[in-house]
Each structure stands twice: as C-alpha cells, then as structure tokens.
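**Student:** Okay, here's the structure, questions in a sec.
Derivation of every value follows stated rules applied to the coordinates shown; laboratory data play no part. All of these numbers come straight from a predicted model, not from anything done at the bench. A quick note on method: Cβ atoms are made from the backbone with ideal geometry, for glycine too, and the neighbour counts reach across all protein chains shown.
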Amino acid sequence: MILTAEANGFLSPNGVEIVFLLVGVVTLGAAVITVTTRQLVHAALWLVVALGGLAVEYLLLTAEFIAWVQVLIYVGSVVVLLLFGLMLTRAPIGRSPDADSENRWVALAVALAAAATLVTVVADAFRSTWIDLDRSVQGSPEVTGESLFRHWVLPFEALSVLLLAALVGAITLSRRRGADDAPASPKQER
Amino acid sequence: MHLVYPAVLAALLFSVGLYGVLARRNAILVLMSVELMLNAVNLNLVAFDVWLRDTLHAGQALTLFVVTVAAAEIGIGLAIVLLVFRSRGTADVDRLTDLADRTPPGAGDQADTGTAATGRGRAA
Amino acid sequence: MTVTLAALVPLLPFLAAVTGLLTGRLAPGYVRPLAVLPTVTSAALAAVVCARVGTGPAETAATELTPTGSVPVDLALHLDGFATLAAVLVGVVASCVQIYSTGYLRDDPRYPSYAALVSLFTSAMLLVVYSGDLMVLLVGWEIMGICSYFLVGHYWETAPARSASLKAFVVTKLGDVPFLIGVFALAADAGTFRINGILTTAVNGGLEHPTLVGLLLLAGVAGKSAQFPLHTWLPDAMAGPTPVSALIHAATMVAAGVYLVARLLPVFLLSTTVLVVLAVLAAVTMLGSALCALAQDDIKRVLAYSTIGQLGYMTGALAVADRGAATFHLLTHGAFKALLFLGAGVVIHAAGTNSLAVMSTMSDLRDRVPDAFWTMTIGLLALSAIFPFSGFFSKESVLRAAEHAAEGHLDRVPSGVGWTVLVAGLVTALVTAAYATRLWLLAFRGGGPAPAHPPTTPPSPVPTDEAVPDPAHQPAPEPAAMRWTLWLLALPALALGVATGALPDYFDGGTLSPTLTTSVVGSGMALTGVLLTYGAWRSAQARTGAGAPAVTTPQDTDAATAEALAIGTRQTVAAQTVPTPADTPPAPPGAPPGPDGTDPGRLLLGPLHRPAVHGFHLDALYHAVAVRPVLAAARLVRFLDREVVEGYVRGAGLAPRLLGAAVRRAQTGNVQTYLSALLAGAVILAVLAAVGA
C-alpha cells in the first residue's frame, strides 16, 4: 500500500500538496496567534480560523465527514461555548497585558523542545511515505457511517452515555447552591 | 501526498497547543490550547487512517470519539472555570495556588523541630 | 518420707510468699497467719528432718526436670548433718523474725509485701541449705540477693535506705559474677553440677585449676558473707527494718557464704593459696570489723560490724579446714545475733533513737525494757564468749581448730594459716568483749543517778503527723510477740553450748570441745576486754562528772516509725565525723563533753577512733577507686553520645531537611509550573530514549 515517494519528490509537489501546505501555514499561524494574542476574544476568533483550516485539511485528506463534523462541533459549538465562558468570566475586551503568565519562557522552551523532538522523529520516520489519495474516497459519510455503525456501535453508544454524564455534570457544577445562596449569588455574578 | 506534511503540521500544532497550555494565564485560553492539542492528534489520526486504508476506519472513528470527548471536556471544563470564578472572582490559573506549601508564620524556629512541627504548622 | 518433708521445708515459705504477694492487699486479715504459720511449720519440719537424718548417713535425692544440655541440672536435695542443722537454725530464726515482725511492723502499710518477701527470703535460704546441686543453690543464692535488696530498701522513702539497698545488691552481685564463673569452671571439670559429684572429682584430683576456682568462689562468698573487702554493704544494710537485719545477719544471707564454703571445703582444701587467702581475709575482717564496731554510735551498726567479725571467725575456721567448728559457730552466732538484733529493735523502739550516745543519756532504759535488757545481756555475753554461754563453746572450737592447724597437725593446711587465724581470733576476742561491754554499758547503764528534773523536751527528731508523741502518755509496753521471741532466742544463745558433745556426730566427727589452753587464753582476753572497757567507761564517766542528766523519751510511737525516723536523721549524724553533742537532739546544758564523753570506745581506740568510725575509710577508698572512675567514664560516654554520636544523627537528619526545604520551594501551587516540569521531563526522557536506541 505504500507507494514509494521516489516518483513523487518533495521538490515537485502536486496541487493537493500545495493547497495542503498553504492551508497548513494558515492554520499554524492562526494557532500561534491564538496562543499568543493579548486580546482574549481575538484568541477565540483565531481559534475558529485554526479549526476551520484543520477542517479544510481533513477535506484535502478526503475525510469529508470528519471535516463537516469539525466545522459543526468545533466552529459551531465549542468556540461559541468558549466565547460564552469568556463573557461569563468577564474577560476584558481589548488588550490585556497579563494574558501570559510568568511561566511563558519555560513554556516556550518546553514547547520548542517538544516541537523539535516530534518533528525530528516524524520527519525521520515518514520521510518517504506517500498517501495515495486518488484510489477511493476514504471518509465519505457513507463509508464512515458504515464503519461506525457496523464496527464501532458499542463505543459509540458508550460515548453517548459519556456525553450524558458530562451534561449532568456541567449542570450540577454550574447550578447555584440551594435556595439560600440565591440572593447572594446574582450580585456576584453581575 | 506526502505523509510528512500532515504529520509535521500535527506535531507543530501540538507544540503550539502545549505552549498555550503552559503559558496562558486565563483558564479559558488554556482550554482553547487544549483544543488545539486535541485537534493536532485528530489530524494525525485522520492522516494515518487515510494512509493505511484501514477497513475498519479506526482512525476516523477514533477522531469522532475524540471530538465528542473534547466537547464533553470543554463543557465540564467551562463549568468548573465558572464555578472557580464565581467563588474566587478570578479565572487565572496562577492565582489558584491553594495547594502550595506555605510556610506558616514562625516557621524559622519550628524548622528545627522537624517534621512534626511542619505537620502541625500545615494543619494549623 | 524424709525427702518429702525436706522438700516441703523450702516450699512452704515459698508458697506463703507467693500467696502473700498475690493476696496481701485483698485480704489483710490473712497476712499475719500467712506469714507466720508456714514459716513455723517449715521450722518444725526442718527439726523433724534433722531428727530423722541426724547423725546417720546423708540422704540424697534428685530428679531431673528437663534436659539442660551438656551438664545436667538436677533438682537435688542433699541432707546431712550440716544441712539439717543449718535448716533448723534458719527455720527457727525466720519464725522468730516473722513473729517479731507482726509486732514490730504492726502499723506498717507495706507489711503484707514485707512479710511475703521475708518468707521468700527464708525459702531461698532453705533452698540453698538443702540443695544438692550448685545451680539450684545459685537460684536460692540470687533470690536472696534480690530479696535483700527489697527488704533493706523497705523504708525507701529515705535516701539512706535507697542507697543502702542498691549498695547491698551491687556489692553482692560484684562477688556473684566471679562466683558464677567459678561454679561453671567446677561443673566443667566435674561434668556435673551435683555437689557430691564435684566433691568426688575434687578428692580424686579431677579439678584442673583448684586455685583459680577457689579464688573465684571466694569472691562470691566474700560478697555474700560480707568478708573483707566486700563487706561494706552490711553496715549500710542497717537501713532496713531491724527484723530484716536479724534475718540477714543471723541466719540467712551472710550465713550462705560460710555454708557454701563448708559444703565445698574439699575443693578449697586442694589449694594452699586459697586457704592462705581465706585466712588472711578472715583475720583482716575479724580485727578490722571489731575495731569498727568499737567506734560505732549506731547500735545496729555495732551489731553489723560484730556480725562481720563473727563471720570472720567462721571463715577462719574454714581456712583451717574445720567445717564442724565453722558450722557450730554459725549456729550459735545465728541464735545470739538474731537475739541481739531483735533486742536492739526493742531498745530502739523504747529509746526512739539508734544512737548509743543518746541512749547513754537515758537512765531508765533498763527498767522500761527489762526483757530486752536481760536477753541482750545474755546475747552480749554469748558474743563475748564468756564461759557458760553458747558463744564460748563455738568460739573455742574455732580457736582449737586454729591451734590444731598452727601446730602443724594438718597436712593440707600450713601452720602459718593456723597461726594467723589463732592470733587474730584471740585479739578479736578481746576487742569483741570490749565492744560488747561498751554496747551494754552505753545502752543500759547510761544516764545519771536519777532523773533530776521532769522530762525535758522530747527528742523526737522530725515529728510526722503519725508520730506525734504524747508527753503525758506512759510508755507502752512492747507487744508480747516482740518480748517472747527474745526469750525464745535467748534459750539457744544461753545453752547451745550443751550440744558441744553431740554435734560432732552431725558433722565430720572431729571433736568440738574446747581445749584448756585456748579456753584460758581466750577467756582471759575476753575478760581483759570487758575490764578494760569498764575501766575506760568509769574514767570517762568520772571525767564528765555525775553524768549527763537523764532524759526520758516518751514512747508511744510504733517501733518501725521510730526506726524510720532514726534512719532519716542518721544521715545528718553520719555526715559529721563524730557525733558531737550538737547532733544529739537533747543537748543538756552543763555537760561540757556531752553525752558522748562517756563513750569508752573513744578512750580505748585513741587515734584509731576516727578512721574506725568510718570503717577505716574503705568506702571512701572504693569511691575513689571504683565509683569515681565509673562516673567519669559515664560522663565521657554521655559526652560522646550527646556530642559525637548525636552529632551524626543530627547531621543525618539535617541533610534530608535541607533537601526537603529545597523541594518545598518547588511546591508553589501553580499547576502550570508542575506541568512544565512534567512535560520537560517527558521530552527529555523521549530524547534520551531516542538517542539511546
């Protein structure tokens, strides 16, 4: 299944690769801005760009269903949730000077080291591996649905229980404590 | 397409998320960075699934599961952050240091008496 | 049958002791019968056993309870004339002491445990006497040691009693260690702990190092029988109650050493060196202790030193290889010394003090305790070896044996040994008579012609709430239990000499009757001592004038209380070199030399008086030679422990604590820091794994 990459050198990319690389650069850039920007709301918006870019990458990898799920769940709901969270914690609009903690240089060092290590290993391992995208569509809803409901039914159902538990947990956590606290809490909230 | 492209992109995205988790002060931004890391993993899963042409499509199924779990995680995480914010008035992770080993007052002379005194001081 | 009875003899007091210790507090009503009856019964049984075995051949019985390795330890009884007679003595004296104690300690709150311990003590001594096995003997020997510790420390509220009990224990243990080694050496050579087996081996020449073994055993004997140089515990042991002193001194503890040498005499006879050492020890002990006795102020200490001296006679007799004489003297001495101690208890009770100097200011002591006066007179006469009394016969038998050896009739014993014992014995006879006379004169002939003025202030030293004397109260007579035991003991003290003819049948068969020469010389020495002392006393009295005004001591306090008080105050008295008038509570005005001026001992001893009071400073010597180095070593060890060893321990603790402080600093509570460290570690591990692979 592995087609050798000799026929497909790095110096002669085809169209899909070029698009993938361009979108990848955009995605990476958006991700970097997400974790470095000083405006908290902007971070959430740049996250949308990054996640959307990833959805495009999924499409390029012929995983259609995943791509749309990505758009629906991440861009549609997770980011909205995060924005709500930012609002509810009264995150400042505009530049906040202390968005990064004092740990940042350590974090940078660790992240760079991790990146270097991972990239080295990955590049070394998959230097000549070629993905054949032309033979058949790997991730159409039909294919995905078939595998999901034929082979992965039990984990799928278990996941639904997990989601239910998360739902209940989130409600329990964010609920006000009893009736006594009720008068006191809204003041805090506002 | 070369497998290296998605793999390297995933590695870089993961590192960026890692930096965010370690460097960001606001808990919600930390959660965003966690999402980035999860997505990097997802990209890997999809890429390898496509490359291996798995008949079970384990990679894509697992991606879907990760997405679901991430959604649940973000819900619970946000609920916790909200709760913390409600009780403390802040969502900054570096100010939530209740588990720190605080030296009790007068620990200078108690330090000589050993662990018992330390335990007492901490209990107090 | 005889063996069963004999086994019962030590067993009964033992059971009484156990029962008494267990039930003493629960059933106080049974304590007295429980103390007295078993002891009396075992005394009677001992007499029966003595009559049955008597002059016949020795009876032996043994049973091996359990295998004990290479050298078997048997539960063995050996009954011969020595054992049965000594057992009778122990039984009789212990019975008297128990009966006497019911009166003497009638109000003592610790009487139950006291009585039980006395029973245990008696049982241990009877075990020693009857035992046919050295290991079993050693058990009794050590039980006596611990019992003496408890009994001497009966008044543990007072510091002297505490230190005296410790001293008694430690000093006797000091002798017991070599003793134990000696016993092991004996058993190793003989292949058995049975005394008979050991004696057979000794006679057949099976012992490899008789001198060494003999000297080792001698150390234990010197400790137990209070021979020089380990005698110092005995005078201090007077801090115990008087009946305990009587028990320890007359029949049990101190007799054990002499008895043991008597039993193992063939072993000692193997080595001339041991005999010489024994003789020298005996001579030094006799003379030194007699001189000390002449200088003591405390009536009980006088008696204690006299005990040491009389034990010296016994060891002297053993040194000249006559165990019959030694045991004979042991018997008579047991009788009259018990009598003297018990009598002294009554006198102390009546006088309210231990001090002879104070007693000498009391004129009516003789009238107040007539029983004690008469019986103690008998006892002192016996002690001085005046003719018809028992002490005369036994002492003469010792002197006769010494003379026999001095003339070279014994091939085993060099004549020098005989001469040493003979000369020391004769001189000691003189001094003994002197201090006996002094004791009698000071205690019973003191005071002025008549009490000139009404009772002065009572000399009660430290009146406790319990012992507040009522001056108007007439002195209460002593309890009958105390008076009658005196007469009971006076009988053998008076008349045991009659047995001189019969006793050799119980012993080895050698005659014990006195020879003319030693009798005349010995009696002459004794009479000289008596007359000298009387003369000194008269002249001292003449110098002090009509004598000190008499003091009557109101006495309604319990005897033991009075004694405890006296012990408490004696420390202050002993702290001075000589009890000066200021120390004796009722210092009467107008008597310049004080009551002590009538003490003939001072006149007789002259410059020797001061060292003699302190036992020739032997305690100080021991303190300098043994106690101080030990204390210094202890201080050194403490220093090493505190500063050096503990320094290491502290250092060992310090390093982890510093490390811990460093680690604590990392405990910031900031999750991101933790995560950073974690992930950095993970990356490093991954890199290392990759590079290593």
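**Student:** On average over all directions, what projected area in square nanometres does chain A have, based on the convex hull of its Cα atoms?
**Tutor:** Numbers: hull surface 63.2 nm².
Projected area, direction-averaged: 15.8 nm².
**Student:** Starting from the 7 Å offset along Cα-to-Cβ, what nm value, one decimal, do you get for the label separation of C:Leu659 and C:Leu527?
**Tutor:** About 9.3 nm, to one decimal.
**Student:** Okay, next question. Report, largest value first, the span of the C-alpha coordinates of the stretch C:1-46 along each principal axis, in whole Å.
**Tutor:** For the stretch C:1-46, the Cα extents along the three principal axes come out at 36, 15, 10 Å.
**Student:** On to the next question. Within a 10 angstrom radius of the beta carbon, how do C:Val244, C:Val671, C:Val498 rank from fewest other beta carbons to most?
**Tutor:** Details: C:Val244 30, C:Val671 18, C:Val498 13.
Placing the least packed residue first, the sequence is C:Val498, C:Val671, C:Val244.
**Student:** List the residues of the stretch B:24-65 whose backbone N lies under 18 Å from a point placed 7 Å from the Cα of A:Leu154 along the Cα-to-Cβ direction.
**Tutor:** Residues B:56-59, B:61-62, B:65 fall inside that zone.
**Student:** Right, next: On the first, second and third principal axes, largest extent first, how far apart are the outermost C-alpha atoms of the stretch C:251-322 in Å?
**Tutor:** 42, 23, 13
**Student:** Another question, if that's okay. How far is it, in nm, from the label point at A:Val25 to the one at C:Phe639 when both lie 7 Å from their Cα along the line to the Cβ?
**Tutor:** In this crude label model, A:Val25 to C:Phe639 measures out at 8.4 nm.
**Student:** Please express the Cα-Cα pair-distance distribution P(r) of the stretch C:618-692 as a list of whole percents, one per 5 Å bin, running from 0 to the bin with the greatest distance.
**Tutor:** 4, 11, 9, 9, 9, 9, 8, 6, 6, 5, 5, 4, 4, 4, 3, 2, 1
**Student:** Can you put C:Lys173, C:Lys167, C:Lys337 in order of Cβ neighbours within 10 angstrom, beginning with the fewest? Write down the numbers at each step before the final one.
**Tutor:** Values: C:Lys173 17, C:Lys167 22, C:Lys337 30.
The fewest-first ordering by Cβ neighbours comes to C:Lys173, C:Lys167, C:Lys337.
**Student:** Set the Förster radius R0 to 60 Å, insert the Cβ-Cβ distance between A:Val16 and B:Asp98 as r into 1/(1 + (r/R0)^6), and round the FRET efficiency to 0.05.
**Tutor:** On the way: r = 52 Å, r/R0 = 0.86.
After rounding, the FRET efficiency stands at 0.70.
**Student:** Between rounded, prolate and oblate, where does the protein assembly as shown land on the alpha carbon gyration tensor, with a ≥ b ≥ c its root eigenvalues, rounded for a/c under 1.5, else prolate if a/b exceeds b/c? Intermediate values should be presented prior to the final figure.
**Tutor:** Numbers: a/c = 4.17, a/b = 3.02, b/c = 1.38.
It comes out prolate by the Cα gyration axes.
**Student:** Further question on the same structure: Going by average Cβ neighbours within 10 Å, how do the peptides C:607-614, C:32-39 rank, with the highest at the top?
**Tutor:** Numbers: C:607-614: 16.6, C:32-39: 21.1.
The densest-packed peptide leads the list: C:32-39, C:607-614.
**Student:** Roughly what angle does helix C:671-692 make with the longest principal axis of chain C, taking Cα atoms, 0 to 90 degrees, to the nearest 10?
**Tutor:** Its long axis makes an angle of about 70 degrees.
**Student:** Here is a further query. Once every DSSP H run of n ≥ 4 in chain C is given -39500 (n - 2.57) and the sum is divided by its residues, what mean residue ellipticity at 222 nm do you get, rounded to the nearest 500 deg cm²/dmol?
**Tutor:** Values: 30 runs with 468 residues, N = 693.
Per the formula, -22500 deg cm²/dmol.
**Student:** Taking Cα centroids, how far is the stretch C:316-367 from the stretch C:181-199 in Å?
**Tutor:** Going from one Cα centre to the other spans 37 Å.
**Student:** Now for a different question. Starting from the 7 Å offset along Cα-to-Cβ, what nm value, one decimal, do you get for the label separation of C:Val627 and C:Val691?
**Tutor:** Computed distance between label sites C:Val627 and C:Val691 equals 7.3 nm.
**Student:** How big is the Kirkwood radius of chain C, worked out from every pair of different alpha carbons and given in Å to one decimal?
**Tutor:** On the way: mean 1/r = 0.0371 Å⁻¹.
After inverting the mean inverse Cα-Cα distance, the result is 26.9 Å.
**Student:** Set the Förster distance to 45 Å, then compute FRET efficiency between C:Ala58 and C:Ala480 from the Cβ-Cβ distance, nearest 0.05. Kindly include the intermediate steps, with their values, before the conclusion.
**Tutor:** Numbers: r = 40 Å, r/R0 = 0.89.
Efficiency for this residue pair is about 0.65.
**Student:** Residue by residue through A:143-152, how many Cβ atoms from other chains fall within 10 Å of the Cβ on average?
**Tutor:** Working: counts 2, 5, 0, 1, 7, 6, 0, 2, 5, 8.
Averaged over the peptide's residues, the number is 4.
**Student:** Can you tell which of C:Leu640, C:Ala620, C:Gly653 lies farthest toward the positive end of the dipole of the stretch C:618-692, using +1 and -1 charges on the Cβ of basic and acidic side chains (Lys, Arg; Asp, Glu)?
**Tutor:** Ranked along the dipole, the leading option is C:Gly653.
**Student:** Quick one: which residues, 5+ away or cross-chain, put their amide H under 5 Å from the amide H of C:Met362? H built at 1.01 Å from N.
**Tutor:** Amide H to amide H, under 5 Å and 5 or more residues apart or across chains, C:Met362 pairs with C:Gly447, C:Val551.
**Student:** Give the calculated FRET efficiency between C:Phe387 and C:Ala542 to the nearest 0.05, with a Förster radius of 22 Å applied to their Cβ-Cβ distance.
**Tutor:** Values: r = 30 Å, r/R0 = 1.37.
My answer for the efficiency is 0.15.
**Student:** If you take each beta carbon of peptide A:55-66 and count the beta carbons of other chains within 10 angstrom, what is the mean?
**Tutor:** On the way: counts 1, 0, 9, 8, 0, 4, 10, 3, 11, 0, 4, 11.
Across A:55-66, the average partner-chain Cβ count within 10 Å equals 5.
**Student:** Continuing with the same structure: Within 10 Å of each Cβ in peptide A:95-103, how many partner chain Cβ atoms are there on average? Round it to a whole number, please.
**Tutor:** Values: counts 0, 2, 0, 4, 6, 8, 13, 6, 12.
Partner-chain Cβ atoms within 10 Å, mean over residues of A:95-103: 6.
**Student:** Here is a follow-up. Please provide three numbers in whole Å: the alpha-carbon extents of the stretch B:4-100 along the principal axes, with the largest listed first.
**Tutor:** 50, 23, 19
**Student:** Could you please state, rounded to a whole Å, how far the C-alpha centre of the stretch C:20-81 is from the C-alpha centre of the stretch A:8-57?
**Tutor:** Between the Cα centre of the stretch C:20-81 and that of the stretch A:8-57, the gap is 107 Å.
**Student:** Something else about it: Explain nothing, just compute: Karplus ³J(HN,Hα) = 6.51 cos²θ - 1.76 cosθ + 1.60, θ = phi - 60°, for every residue of the stretch C:64-76 in order, whole Hz, x for Gly and Pro.
**Tutor:** Result, ordered by residue: 9, 6, 7, x, 10, x, 5, 9, x, 10, 9, 7, 10 Hz.
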